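The values are calculated or read from the model by the stated rules, or taken from the named source; none is laboratory data. Remember, it's a predicted structure, so these values are computed and weren't measured experimentally. Using ideal geometry, Cβ is built from the backbone for each residue, glycine included, and neighbour counts are taken over all protein chains shown. SASA here: full protein model, heavy atoms, side chains in, ligands and nucleic acids out. Shrake-Rupley method; radii C 1.70, N 1.55, O 1.52, S 1.80 Å.
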Amino acid sequence: VFAPEQKVVRKLRNLLVNQGLTEAMSWTFTSVAEIRRSGLPESFENIVALQNPLTEDCAGMRTSLIPNLLAMAEYNAKRGAQRLSLFELGPVYLPKEGEDLPFEPMHLGILLAGQAHSAHWAEKARATDVYDLKGWLETVSGFFGVPLSLSAHDLMAVFQKGMGAKVLMDGKKV
């Protein structure tokens, strides 16, 4: 028996896997060094610190899925992967001032790298691009029955300049 929100998460996971993405599962632990290495802004460095961390690399709880997804991309690229189509769906941990427990919103991260597909008789091989990611955004949007839009925006140093976008729902950043 699942709570209603867990049923939705489970259905979204199944949809993304059935449509061709591979689910990635990573530690919810992180460190300020990992956040800096990923190029995220300083605001992401405000992590929920653990009293008894496993290691220095696991000193706190993650504030973003991006560092782990980038680490997975690096790991697979070093081993010769030609194509990556990953997603991670899980909580991030955001400290709440004056509270012992953090806010734990569920986040979805999608990473596409390398070839969109292999060459075959009807089409040449091509690299993934923003339109592939936009297609996944439309899949998620359709799942929730909520129209989403993109707005050009330079997000953070981790993304190539001029290649970022904000996802908007009813004109508000998602």
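Within the chain, what whole-number % of the accessible surface is contributed by carbon and sulfur, with the 1.4 Å probe and all protein chains included in the calculation? Don't skip to the answer; put the middle values down first.
Values: 6440 of 11820 Å².
Carbon and sulfur atoms account for 55 percent of the accessible area of the chain.
Take the chain, connect every pair of alpha-carbon atoms lying under 10 Å apart with a spring to form a Gaussian network, then pick out the residue of Arg37, Arg79, Arg13 with the largest mean-square fluctuation.
Arg79
Rounded to the nearest 0.05, what FRET efficiency is calculated for Val146 and Arg13 with R0 set to 22 Å and r the Cβ-Cβ distance?
Approximately 0.75, to the nearest 0.05.
Just reorder Thr63, Thr22 by solvent-accessible area, largest first, 1.4 Å probe, all chains present.
The residues order as Thr22, Thr63, largest area first.
When the helices in the chain are scored as -39500 (n - 2.57) per DSSP H run of 4 or longer and the sum is shared across all residues, what 222 nm value do you end up with, to the nearest 500 deg cm²/dmol?
-9000 deg cm²/dmol
What is the stretch 1-65's relative contact order, in percent, from Cα pairs under 8 angstrom and six or more apart in sequence?
30
Could you state the angle between the C-alpha long axis of helix 66-78 and the longest principal axis of the C-alpha atoms of the chain, as a value from 0 to 90 degrees rounded to the nearest 10?
50
For the stretch 1-150, I need the span (max minus min coordinate) of the C-alpha atoms along each principal axis, in Å, sorted largest to smallest.
Sorted largest first, the three principal extents are 59, 38, 31 Å.
Rank these by accessible area, largest first, 1.4 Å probe: Tyr93, Tyr75.
Tyr75, Tyr93
In percent, how large is the relative contact order of the stretch 1-131, given Cα pairs closer than 8 Å and 6 or more residues apart?
On the way: 185 pairs, mean separation 26.7, N = 131.
The normalised contact order for the stretch 1-131 reaches 20 percent.
For the stretch 122-130, just list the computed ³J(HN,Hα) in residue order, Karplus coefficients 6.51, -1.76 and 1.60, θ = phi - 60°, integers in Hz, with x standing in for Gly and Pro.
Listing the rounded values in order: 8, 7, 6, 5, 8, 6, 5, 9, 4 Hz.
Using a 1.4 Å probe on the protein heavy atoms only, what accessible surface does Asp170 show? Give it in Å² to the nearest 10.
140
Of His107, His120, which has the most accessible area and how do the rest follow, probe 1.4 Å?
Order by accessible area, largest first: His120, His107.
So what is the accessible area of the stretch 1-109 per residue, in Å², with the probe set to 1.4 Å?
Value returned for the stretch 1-109: 65 Å² of accessible area per residue.
Run the 1.4 Å probe and let me know the accessible area of Phe144, rounded to the nearest 10 Å².
Number for this one is 110 Å².
Quickly work out the Tyr75-to-Lys173 label distance, labels modelled 7 Å from Cα along the C-beta direction, and quote it in nm with one decimal.
My value for the distance between the label points is 2.9 nm.
Each residue of the stretch 102-115 in order: what ³J(HN,Hα) in whole Hz does its phi give by Karplus 6.51 cos²θ - 1.76 cosθ + 1.60, θ = phi - 60°, with x for Gly and Pro?
x, 6, 10, x, 7, 10, 10, x, 10, 10, 10, 8, x, 7
Just subtract the alpha-carbon distance of Gln82 and Glu99 from 0.36 nm times their residue separation and send over the number in nm, one decimal. Before the final figure, lay out the partial values.
Values: separation 17, 0.36 × 17 = 6.12 nm, distance 4.50 nm.
Value of the extension gain: 1.6 nm.
Got the relative contact order for the stretch 56-174 handy, in percent, Cα pairs under 8 Å and 6 or more residues apart?
Relative contact order for the stretch 56-174 comes out at 15 percent.
Once the whole set of protein chains is in place, how much accessible area is left on Ile47, using a 1.4 Å probe, in Å² to the nearest 10?
Its accessible surface works out to 30 Å², give or take rounding.
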